[in-house]
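**Q** Just dropping this structure here.
Nothing in this text is a laboratory measurement; each read-out follows from the coordinates by a stated rule. Quantities reported herein were computed from a predicted structural model and do not represent experimental measurements. FYI the Cβ positions are ideal-geometry reconstructions off the backbone, even for glycines, and counts take in every protein chain you see.
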Amino acid sequence: MSISVKRESVYYKQGKFLSTQTDRAGVEAGRQKTMAYGILAEHNHSGDMARLQIKFDAMASHDITYVGIIQTARASGMERFPIPYVLTNCHNSLCAVGGTINEDDHLFGLSAARKYGGEFVPAHQAVIHSYMRERYAAPGRMILGSDSHTRYGAYGCMAIGEGGPELARQLLEKTYDIAYPPIIAVHLTGRPRPGVGPQDVALALVGATFKTGAVKNAVLEFFGPGVRELSMDYRSGIDVMTTETTCLSSVWCTDEVTRAHLNALGRGDSFRAMAPGEGACYDGLVEIDLAEIRSMIALPFHPSNAFTVREFKENIRDLLHQVEVDTKEQLGVANAPSLLGKITIDGFKADQGVIAGCSGGTYQNLKRAAEILKGRSTGAGPFWLSCYPGSMPILQELTRKGYLTDLMCAGASIRSCFCGPCFGAGDVPGNGCFSIRHSTRNFPNREGSKPADGQVSYVALMDARSIAATALNGGLLTAADELPPELLTPDYPNERWAYSDKAYKSRVYYGVGRPAPQVPLVFGPNIADWPEQIPLPENLLLTCCAAIYDPVTTTDELIPSGETSSYRSNPIKLAQFALSRKCPAYVSNAQKVQAEELKRREGKDPNFPTDTGIGSFIMALKPGDGSAREQAASCQRVLGGCANLAAEYATKRYRSNVVNWGMLPFIAEGVKNWGIREGDSLYIPGIRKLLEGDGEVIDATLIQNGKQTPVKLKLPGLTREERDIILAGCLINYYAK
């Protein structure tokens, strides 16, 4: 078995894992011997490790998040960036939607970096996470990013992806408040087989942990003899995908490979050795034998829908039938083009290959692909391959060594440093087409199709090596570990590349610590302030405007990615896209309820109690898997949303976004059986009084077709500050007070 998962606490002693049942007394001391504990303790400002208050060393945002973050912080009194804040432009650099609005955001970002003292990375220079690895990630540091794949654990750096309000808090010199998380050991042994890449290991890990929630909101701590067999690119390729397990963060032990890499980046003085101490205690254990991992594929529509390529081929009709079932259930498309027609006498035919972004666009991945394809051709058929290096230094080195020439001569298209294929804004496949990608996600619509317009295409995740192997065979799905040995180069741990930052020095604005208050912000016509929100009323009458019974609801379904990203500097325009692909009636439903609330505020309904607010709520069994984007919550709020009702929340970051936008993160036992539908209502008396105190359960009335049923709603774990944010109406109001 390549991966085993134990959901019980263990000690790490003398290279072995022992049950804590053998020594219960040493558990607390053992917890302090983990790498994660040491980093968290150094950054904690609460004086209580049970309730952390973290200040980060640096932050990063890209161009679909930084405008809203800076606008929020500015409205709350920010005068300068108190820590290094990097603004990259890797998400909207190719979007043509809306005319000038993308470049308008970039001009705003540069003016903000100048005014407040930040670092501005122009479009096409680097993917956000590639840049932060090269310039900022280092052992013992903590970095916060407004992108869910903010993961720099391979450098011994704990990085966390959160919604924009959490970054605004850091800009206001507040703290990131969280209970001390579970720490899970990830113990690596063995050496990867030739042809097996980091995405194969990552997909196996996601497949083994996501569905059971084994590592949800935990910190994954990687160590073991297998680590020394992996290069930094390989480690980072695994690490960035840990987001898909729903863990909070990650950290790896550091070694001579780490030291050499930091030296190559010109930051060798930031190295420090990190490893768990003898007797370190963990809340769970994941063991990975790298030698047993095979080439993998994650079928639509989630990275956890993972199989070995061999399993896929052996069960291809059953697995593709399930994809068709999922297409009907998740996308609401009953007559989507069948994938069964792509099965030929020779095998399964893919239509497109993409190697891109923070997971795929590393030097080692693209070099391996070039080695497989050198002197060969991808063919002149329907299949096509595109490659996106993650940064200009990577692009420079691949060019200098001739690997890009090899890829181009084989028929691959070389693109700029851009994240688009990861979120549906680049290389959109044709209707009914099947794309294999070394990128981060294959959620519905992440490839850019529009089911509402009758368009459906599919993305499966694979490693760059297998994508190149497939391209070598003209699109016939091929695992890299099926190739002849002479076509495969092992991934050596000491495989480094000559780093040059000359491109950055020519284009990046380095203004950290040098604010210029006199510089005016540059506002394009699409950049708008957040609409005003009112404090929480004494009582609430809420109408359900969307009821979602899927096992998990992603943030992409709450607010679609792709072309909508261009509108994320305009809260009101963006809100018109909320749930547009999952529940098309949501926006009009919410607007009708919002109109009633406006009447109440204006006193136009004298029969309605003035102390009872009118709002909307979304019911979803497990909302918030995926992106950190705050707009999944803020769009609800802009449309008059007051609450989410769930059985549980998929991620901590989505729940935080709900709270920071002044909405109530209700959960309820057995909510799946309540039969809630659009138009049903919840009357919640005394909600303000509950939050002013410390209560966690409130009695409410569910109203369905005139029938009233008493129910209990829960708000477990709300901190005093979270309560005060909701009472104020949102984070901006809270700080304005």
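**Q** For F348, enumerate residues with amide H under 5 Å from its amide H, sequence gap 5+ or separate chain, H modeled in the peptide plane.
**A** Residues meeting the amide H criterion: L477.
**Q** From the cross-link list K211/K592; K6/K652; K450/K502, which pairs have alpha carbons spaced over 30 Å apart?
**A** The answer is K211/K592; K450/K502.
**Q** Among DSSP beta bridges whose residues both lie in the stretch 297-489, state the antiparallel percentage, nearest 5.
**A** So the antiparallel bridges amount to about 25 percent of the total.
**Q** Give the order of S148, S506, S565 when sorted by the count of other beta carbons within 10 angstrom, beginning with the fewest.
**A** So the ranking, lowest neighbour count to highest, is S506, S148, S565.
**Q** Right, next: Could you sort 340-346, 627-633 so that the peptide with the highest average Cβ count within 10 Å comes first and the rest follow in order? Before the final figure, lay out the partial values.
**A** Details: 340-346: 11.7, 627-633: 29.6.
Top of the packing list down: 627-633, 340-346.
**Q** Another question about this same structure. Relative contact order, percent, of the chain when contacts are C-alpha pairs under 8 Å separated by at least 6 residues?
**A** 15
**Q** Let me ask something else. According to the square roots a ≥ b ≥ c of the eigenvalues of the Cα gyration tensor, what is the shape class of the stretch 3-292, taking rounded for a/c under 1.5, prolate for a/b larger than b/c otherwise, and oblate for the remainder? Let's see the in-between values first.
**A** On the way: a/c = 2.01, a/b = 1.55, b/c = 1.30.
In terms of gyration-tensor shape, prolate.
**Q** Mind giving me the FRET efficiency for E79 and F523? R0 is 25 Å, r the Cβ-Cβ distance, nearest 0.05 is fine.
**A** E between E79 and F523, to the nearest 0.05, is 0.85.
**Q** Provide the FRET efficiency to the nearest 0.05 for the A25-D48 pair, computing r from the beta carbons and using R0 = 22 Å.
**A** The calculated FRET efficiency here is 0.50.
**Q** Read phi for every residue in the stretch 596-610 and hand back ³J(HN,Hα) as whole Hz from Karplus 6.51 cos²θ - 1.76 cosθ + 1.60, θ = phi - 60°, with x for Gly and Pro.
**A** For the stretch 596-610, the Karplus curve yields 5, 5, 5, 4, 4, 5, 7, x, 7, 10, x, 8, 9, x, 6 Hz.
**Q** What is the ratio of the Cα radius of gyration of the chain to 2.2 N^0.38 Å, where N is its residue count, to two decimals?
**A** Compactness ratio reported: 0.92.
**Q** So, one more: Take the alpha carbon gyration tensor of the stretch 372-435, find the square roots of its eigenvalues, order them as a ≥ b ≥ c, and report rounded if a/c is under 1.5; if not, report prolate when a/b exceeds b/c, else oblate.
**A** oblate
**Q** Along the Cα→Cβ direction, 7 angstrom out, place labels at S377 and Y549. What is the inter-label distance in nm?
**A** Label at S377, label at Y549, 5.4 nm between them.
**Q** Quick one: which residues, 5 or more positions from A60 or on another chain, have an amide H under 5 Å from its amide H? H modelled 1.01 Å from N in the peptide plane, none for Pro or chain starts.
**A** Amide H neighbours of A60: V86, L144, G145, S146.
**Q** While we're looking at this one, here's another question. Based on the alpha-carbon gyration tensor of the stretch 539-736 and its eigenvalue square roots a ≥ b ≥ c, which shape applies: rounded if a/c is under 1.5, prolate if not and a/b is larger than b/c, or oblate?
**A** Here the stretch 539-736 falls in the rounded category.
**Q** Taking 1 over the mean of 1/r across every pair of different Cα atoms in the stretch 1-45, what Kirkwood radius in Å do you get? Write out the running numbers ahead of the final one.
**A** Values: mean 1/r = 0.0816 Å⁻¹.
About 12.2 Å for the stretch 1-45.
**Q** Have a look at the DSSP beta bridges in the chain and tell me what percent are antiparallel, nearest 5.
**A** Once the DSSP bridges in the chain are tallied, antiparallel ones form about 40 percent.
**Q** Tabulate in residue order the Karplus-calculated ³J(HN,Hα) for the stretch 716-729, using 6.51 cos²θ - 1.76 cosθ + 1.60 with θ = phi - 60°, rounded to whole Hz; enter x for Gly and Pro.
**A** Per-residue couplings from phi come out as x, x, 5, 7, 4, 5, 4, 4, 5, 5, 5, 4, 6, x Hz.
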